Amino acid sequence: MNDLVHRSAAELAAFIAHGDVSATEIAQAHLDRIASVDGEVRAFLHVDADGAMAAAHAVDDARRSGERLGPLAGVPVAVKDILVTRAVPTTCGSRILDGWVPPYDATVVRRLKDAGLVILGKTNLDEFAMGSSTENSAFGPTRNPWDLDRVPGGSGGGSSASLAAHLSPLAIGTDTGGSIRQPSAVTGTVGVKPTYGGVSRYGLVAFSSSLDQAGPSARSVLDAALLHVVIAGHDPLDATSIDAPVPPVVEAARSADVRGLRVGVVRELGGEGYQLGVEQRFRETVDLLASLGADVLDVSCPSFGYALPAYYLIAPSEASSNLARFDAMRYGLRVGDDGTRSAEEVMALTRGAGFGAEVKRRIMIGTYALSSGYYDAYYGSAQKVRTLIARDFERAYATCDVLVSPTTPTTAFRLGERADDPLAMYKADLCTIPANLAGNAAASFPCGRSPDDGLPVGFHVMAPVLADDRLYRVGAALEAAFEQAWGAPLLDHVPDLAGARPASPRPEVSR
Amino acid sequence: MSVDATVSTELPAYEEAVAGYEPVMGLEVHVELGTRSKMFCGCSTAFGAEPNSQVCPTCLGLPGALPVVNEVAVESAVRIGLALHSDIASWCRFARKNYFYPDMPKNFQTSQYDEPIAVGGWLDVELGGQSYRVGIERAHMEEDTGKSLHVGGATGRIHGAEHSLVDYNRAGIPLVEIVTKPVEVPADVAPAVARAYVAQLRDLLLALEVSEARMEQGQLRCDANVSLRPRGARPYGTRTETKNVNSLRSVERAVVFEVRRQAAVLGSGGTVHQETRHWHEDTGVTTPGRSKEEAEDYRYFPEPDLVPVAPEPGWVERLRAELPEDPASRRRRLQTEWRFSDLEMRDTVGAGVLRLVEETVAAGAAPQSARKWWLGELARRAREDGTEPAELPVTPAQVARVQSLVAAGTLSDPLARQVLEGVLAGEGGPDEIVAARGLAVVSDEGALGAAVERAIEGNPDVAAKVRDGKLAAAGALIGAVMKELRGQADAARVRELILERLAP
Amino acid sequence: MASITREEAAHLARLARLDLAPDELDHLAGQLGVILGAVAAVADVAAEDVPPTSHPLPLTNVARRDELRPSLGQAAALAGAPAAEDGRFRVPRILGEEA
Ligand SMILES: [Mg+2]
Ligand SMILES: [Zn+2]
């Protein structure tokens, strides 16, 4: 079976469970695939071949000795390099953590291991998850498998690219303002940001504590749901973790039933600045949902226009504090300790040298926003906007079961295109940020390719707190209908990475 | 006159300083709670472990680690607030206090800012038969920092050090910070009130069993704010904050020094700078901290990794009902039980040994005996060592044991003092020391008798005088017996034996 | 309201312990002004009567028992240290709090 890397996680798990293919063979197939194509894609920062093979062997041994295996036992997974892994380097895409080997596992990582998943390695990201293109990684950008001149989204571009390039059937991302969903959209994969508190943040290196949420990504909706239940659930080590049952996401993914589901189209998330091809696919998908029996209505969330500015105050403020610990005293990089300089000087030199431009920008903005004299106008006001956004959601959910929008206004942009224009870059998260501010569940599902450039478009679904299962119902219904219409999954159209890259025309944007 | 005189003789005497000015004090006390585990993680709080052996990802500030609040720390903070007659917040939060310092693993301290757990209240401080009400501003929860050792400087201080070595065992130990309102008491008693406040706060914390409050281990630390204003003036003067005044005696001395120093500054037409100052136990002076080019901006904001604390009213009332007795009524009750005179009670309270006496009595000693040891021998030793009786390495139970050996006739008073010396020297408990040093009074009648016989034989002249009825001469024989037995005999019994033998 | 001078940027960099080259500082000061100008819009809708939200979930009273959990141990604690000595983290001299 030499197309193991094209199989879904559910299929691979079934192969292993029935003894058709060993976990070791599957792990090896993926490691081989990484070795042959990741030189171009650069999805991984670190490939843990030994760890992966050892984990795969353990699953095979367990199966042979008749132990009960979990539903994803032996299936490979890629982990964003912002979740700490014991004895495996964790860099957060930053020079400042170069060489650091954590002495502990994140709860998400612990749960993956306990469920028998095989961790292939750590994927690339914008430094400390700050960015929407993965270009802010200190270790160089990841490329979009659909077009190697384009970004794979960000911050979790390594995870999304690893799925699209068939380097891994499953990936873990983290989403502070869209870092799971936007990369999923621009790579044609499935990405879910669970309800805030649904998945433990213990061991997730904090960018913005009140927004960060880890979640599953995959090439199919069912695979994402299977991964979701492995990593979700209450964790006593995270005080903000929800002590409630995990929503029935696998059942929802299997039901794929949207009949009678009230779908609200958010009026504010569209129009000016949105690529025409993206809007076209979005509208077609809404129509498709209606044809599948959903009730489609228009809703207005007037405060969403303030979500982006609020986010770019709250996230940098929390980040300026969260990233203070990177100070050259206890771990990571130390610069300038020549025996004459003070600790204070060495801290500043190390942080100056160890952080990239975007991280510095956000630390500076956060430091400013929290300063006495500015707190009320900036951070304080942003916290109020957060209340207004939560109220908008509450009002919308009174009439809708889910809300929908494009995941991001455009398809994948070119490497370098927005590199030194922070405001342009920030707009990639226009549609995804409100859900983070309110703690809602949200996801991106592939809804075809934009007619203007042939690149994937993401369909964004938002659901109330702890109603994550509704996302999967919508995603699975769309997936089934699209695959029937297209005759194959979207990702079957990813170019052969060994082949020539198709040049794509510039997309039109409405003004 | 030098503003920062380090020679205190250059300064006016305290009485002279307060002739024209009134001191106003503010006391901030940090208490390390006696929980088993730290504030936000499961690491041990035990004192004296190998450096960096009681740390985990959370208290070491490793990337990704998260805090979870210790419920006993919250309960202790609420009980402290209740005992100080504070209002307990129905809803409060933790906040991050952001500043960089190598002994602080996250470069922010998880603390409370504008939403503390306890607000308002008071502590009535007794001093010289008078009661002074010290108002409480607030009490809040926070975490301790690590500890730095400064290497390379001649003095072992920061100044001149080449590098520092950091131990994070203490980082994350729960603290409650108790802040007073401005303390405005008559100038002549102000320093003593400051000291008595800290002493009586410590007694309260011990009674609550929320902390061992050992100042020499840094479990109770005091920052003293002092300002002066011209006599009769309303507005406060500029204050200084003297950090880390870590013994009761130092609290008093530091206030005295700052009052004298500030009076000198103001008296010579200068201005007092609002600044942090450091207390030097050895020289008894304060010196200014490193001057900062810009004011600290701690950029407080609500701690997003923790959820608010909302003490349930029923629970708070239960804790209130279970509080130990109020200190003032406790003092009244004990005085009655112990039949102490007003003066005896005042001395006991004033010396800060009330609780020690109480515990010694609880361990079986008679009140007057317990009082005698703590106010006599042990108070003297504490003074010699520049410490407090409570900080001496001897427990009330050990004192009670020594006293019971005295009462049983096993030890004489001088022997008992030797036993206590041994305990203080770390040689073990009283019984071990009695055994090891062979200190027990010889009560074996055979051995005593033999010694008496030898004394009589060795001093025939004296013996003859006693036989002739000159009983006063027996003293020399008693002395000889005691000398032979190295003091370990009951002198009264020796006398009896001598007289029996030499009866006419 | 949101133009950031070089001096303000330098002050922020000091507060945040970021050693920045002069040209980096200039560039950042310009960008900060632009970004702050864009995000200042939050003040337009932050009315007096709107309560702030600092956390997406209305949880309270999440606490743990006062129980010990295993510590890392000295060796693991110091394993990542740039420098260590005598079981402690060795750091450059700390600018005096003491005079
Ligand atoms: Mg404090
Ligand atoms: Zn710890």
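Quick check on A:Leu222: is it facing chain B (nearest Cβ under 9 Å) and either more than 20 Å from A:Thr176 (Cα to Cα) or under 16 Å from the mean Cα position of the chain (by Cα) (or both)?
On the way: facing chain B (nearest Cβ under 9 Å): no; either more than 20 Å from A:Thr176 (Cα to Cα) or under 16 Å from the mean Cα position of the chain (by Cα) (or both): yes.
In short, no.
Spot the failing condition for C:Ser3; the list is (1) at pLDDT below 95; (2) under 24 Å from B:Phe100 (Cα atoms); (3) open to solvent by 40 Å² or more (accessible area, probe 1.4 Å), and only one is missed.
Here C:Ser3 clears every test but (2).
Given the structure, is A:Ser184 open to solvent by 10 Å² or more (accessible area, probe 1.4 Å) and within 23 Å of A:Gly454 (Cβ to Cβ)? Explain how you work it out, then say what you get.
On the way: open to solvent by 10 Å² or more (accessible area, probe 1.4 Å): no; within 23 Å of A:Gly454 (Cβ to Cβ): yes.
No.
Kindly establish whether B:Thr58 is more than 9 Å from every other protein chain (Cβ to nearest Cβ), hydroxyl-bearing (Ser, Thr, Tyr) and more than 16 Å from ligand 1 (Cβ to nearest atom).
Here the answer is no, as B:Thr58 does not meet what is asked.
Hey, could you check region A:330-345 for residues that are part of a helix (DSSP H, G or I) and within 7 Å of chain C (Cβ to nearest Cβ) and say which is surrounded by the most Cβ atoms within 10 Å (Cβ to Cβ)?
A:Ala343
Filter region A:187-206 down to the residues that are outside any helix (DSSP H, G or I) and away from every other protein chain (no Cβ under 11 Å) and list them by number.
A:Gly188, A:Thr189, A:Val190, A:Gly191, A:Val192, A:Lys193, A:Pro194, A:Val199
Mind counting the residues in region A:445-473 that are open to solvent by less than 20 Å² (accessible area, probe 1.4 Å) and either of a type in the set (Phe, Trp, Tyr) or over 16 Å from A:Thr195 (Cα atoms) (or both)?
Number of matching residues: 11.
How many of the residues making up region B:19-41 are closer than 24 Å to B:Lys106 by Cα, of a type in the set (Asp, Glu) and buried (at least 19 other Cβ atoms within 10 Å of the Cβ)?
The number of residues fulfilling the criteria is 1.
Taking the condition of being assigned to a loop (DSSP other than H, G, I, E, B), away from ligand 1 (no atom under 13 Å from the Cβ) and away from every other protein chain (no Cβ under 14 Å), how many residues in region B:107-146 meet it?
Summing the residues that are assigned to a loop (DSSP other than H, G, I, E, B), away from ligand 1 (no atom under 13 Å from the Cβ) and away from every other protein chain (no Cβ under 14 Å) in region B:107-146 gives 4.
Taking region B:31-47 on its own, how many of its residues are within 15 Å of C:Gly73 (Cα to Cα) and away from ligand 2 (no atom under 12 Å from the Cβ)? Steps first, answer last, please.
Going residue by residue through region B:31-47, those that are within 15 Å of C:Gly73 (Cα to Cα) are B:41-46.
This time we only want the ones that are away from ligand 2 (no atom under 12 Å from the Cβ), so: B:46.
Result for region B:31-47: 1.
Look at C:Ala63 and say whether it is open to solvent by 50 Å² or more (accessible area, probe 1.4 Å), in contact with a helix residue (DSSP H, G or I) (Cβ under 8 Å, 6 or more places away or on another chain) and within 30 Å of B:Glu75 (Cβ to Cβ). Quick ask: steps written out before the conclusion?
Working: open to solvent by 50 Å² or more (accessible area, probe 1.4 Å): yes; in contact with a helix residue (DSSP H, G or I) (Cβ under 8 Å, 6 or more places away or on another chain): yes; within 30 Å of B:Glu75 (Cβ to Cβ): yes.
Taking the combined requirement at face value, the residue satisfies it.
Taking the conditions exactly as written (away from ligand 2 (no atom under 14 Å from the Cβ), more than 9 Å from chain C (Cβ to nearest Cβ) and under 29 Å from the mean Cα position of the chain (by Cα)), does B:Gly20 satisfy them or not?
Criteria not met by B:Gly20.
Any idea how many residues of region B:166-202 are more than 14 Å from chain C (Cβ to nearest Cβ) and under 30 Å from C:Phe89 (Cα atoms)?
Result for region B:166-202: 3.
Test of understanding: among A:Phe304, A:Phe326, which residue is within 14 Å of chain B (Cβ to nearest Cβ) and under 25 Å from the mean Cα position of the chain (by Cα)?
Checking each option against the conditions leaves just A:Phe326.
Would you call A:Ala244 in contact (Cβ under 8 Å) with a residue 40 or more places away in the chain and in a helix (DSSP H, G or I)?
Details: in contact (Cβ under 8 Å) with a residue 40 or more places away in the chain: yes; in a helix (DSSP H, G or I): no.
Against the criterion (in contact (Cβ under 8 Å) with a residue 40 or more places away in the chain and in a helix (DSSP H, G or I)), A:Ala244 does not qualify.
Considering only region B:109-122, state which residues are open to solvent by less than 10 Å² (accessible area, probe 1.4 Å) and either of a type in the set (Asp, Glu) or away from ligand 2 (no atom under 16 Å from the Cβ) (or both).
B:Ser111, B:Gln112, B:Ile117, B:Ala118
Identify all residues within region A:77-112 that are over 24 Å from A:Phe355 (Cβ atoms), of a type outside the set (Val, Ile, Thr) and part of a helix (DSSP H, G or I); write none if there are none.
Scanning region A:77-112 gives A:Arg110, A:Arg111, A:Leu112.
Look through region B:72-93, keep the residues that are away from ligand 2 (no atom under 16 Å from the Cβ) and within 14 Å of chain A (Cβ to nearest Cβ), and return whichever of them is farthest from B:Leu201 (Cα to Cα).
Filtering region B:72-93 for residues that are away from ligand 2 (no atom under 16 Å from the Cβ) and within 14 Å of chain A (Cβ to nearest Cβ), the one farthest from B:Leu201 (Cα to Cα) comes out as B:Arg93.
Considering A:Ala348, A:Ala442, which residue is without any contact (Cβ under 8 Å) to a residue 24 or more places away in the chain and buried (at least 24 other Cβ atoms within 10 Å of the Cβ)? Give the derivation first.
Working: A:Ala442 fails: without any contact (Cβ under 8 Å) to a residue 24 or more places away in the chain.
Result of the check over A:Ala348, A:Ala442: A:Ala348.
If I go through region A:356-376 residue by residue, how many of them are in contact with a Ser or Thr (Cβ under 7 Å, 6 or more places away or on another chain) and at the interface with chain C (Cβ under 7 Å from one of its Cβ atoms)?
Here the count works out to 2.
Anything in region A:388-421 that is within 14 Å of another protein chain (Cβ to nearest Cβ), part of a helix (DSSP H, G or I) and surrounded by fewer than 21 Cβ atoms within 10 Å (Cβ to Cβ)? List them, or say none.
Selection gives A:Ala390, A:Arg391, A:Glu394.
Only one of C:Ala83, C:Ala40, C:Ala77, C:Ala21 is open to solvent by less than 50 Å² (accessible area, probe 1.4 Å), out of contact with any His (no Cβ under 8 Å at 6 or more places or on another chain) and within 7 Å of another protein chain (Cβ to nearest Cβ). Can you tell me which?
After applying the criteria, what remains is C:Ala77.
Select from region B:392-428 the residues that are in contact with a Lys or Arg (Cβ under 7 Å, 6 or more places away or on another chain) and open to solvent by less than 20 Å² (accessible area, probe 1.4 Å) and list them in ascending order.
Hits for region B:392-428 are B:Leu392, B:Gly422.
Within region B:340-359, is there a residue that is modelled with pLDDT under 95 and under 30 Å from A:Ser371 (Cβ atoms)?
no
Is it the case that region B:94-104 has a residue that's under 27 Å from the mean Cα position of the chain (by Cα) and either at the interface with chain C (Cβ under 10 Å from one of its Cβ atoms) or of a type in the set (A, V, I, L, M, F, W, C) (or both)?
Taking every residue of region B:94-104 in turn, at least one turns out to be under 27 Å from the mean Cα position of the chain (by Cα) and either at the interface with chain C (Cβ under 10 Å from one of its Cβ atoms) or of a type in the set (A, V, I, L, M, F, W, C) (or both).
Sort out which residues of region A:461-480 are of a type outside the set (A, V, I, L, M) and touching a Gly at 6+ places or on another chain (Cβ under 9 Å), and write them in order of number.
The answer is A:Asp468, and nothing else.
Output yes when any residue across region A:309-329 is modelled with pLDDT under 95 and assigned to a loop (DSSP other than H, G, I, E, B), and no when none is.
No - not one qualifying residue is present in region A:309-329.
Kindly list, by first and then second residue, each pair from a residue in region A:24-35 that is more than 16 Å from A:Gly74 (Cα to Cα) to a residue that is among the aromatic types (Phe, Trp, Tyr) and open to solvent by less than 30 Å² (accessible area, probe 1.4 Å), limited to pairs with Cβ atoms under 9 Å and residues at least 6 apart or on different chains.
So the pair list comes out as A:Ile34/A:Phe44.
Condition check: more than 8 Å from every other protein chain (Cβ to nearest Cβ) and more than 22 Å from the chain's Cα centre (by Cα). Does A:Tyr379 satisfy that?
Considered against the rule, which asks whether it is more than 8 Å from every other protein chain (Cβ to nearest Cβ) and more than 22 Å from the chain's Cα centre (by Cα), A:Tyr379 comes out as no.
The values are calculated or read from the model by the stated rules, or taken from the named source; none is laboratory data. Predicted, not measured: the structure shown is a model, and the values here were computed from it. Counting neighbours? That spans all protein chains shown, and the Cβs are built from the backbone with ideal geometry, glycine included. All accessible areas refer to the heavy atoms of the entire protein, side chains included, with ligands and DNA or RNA removed. Shrake-Rupley method; radii C 1.70, N 1.55, O 1.52, S 1.80 Å.
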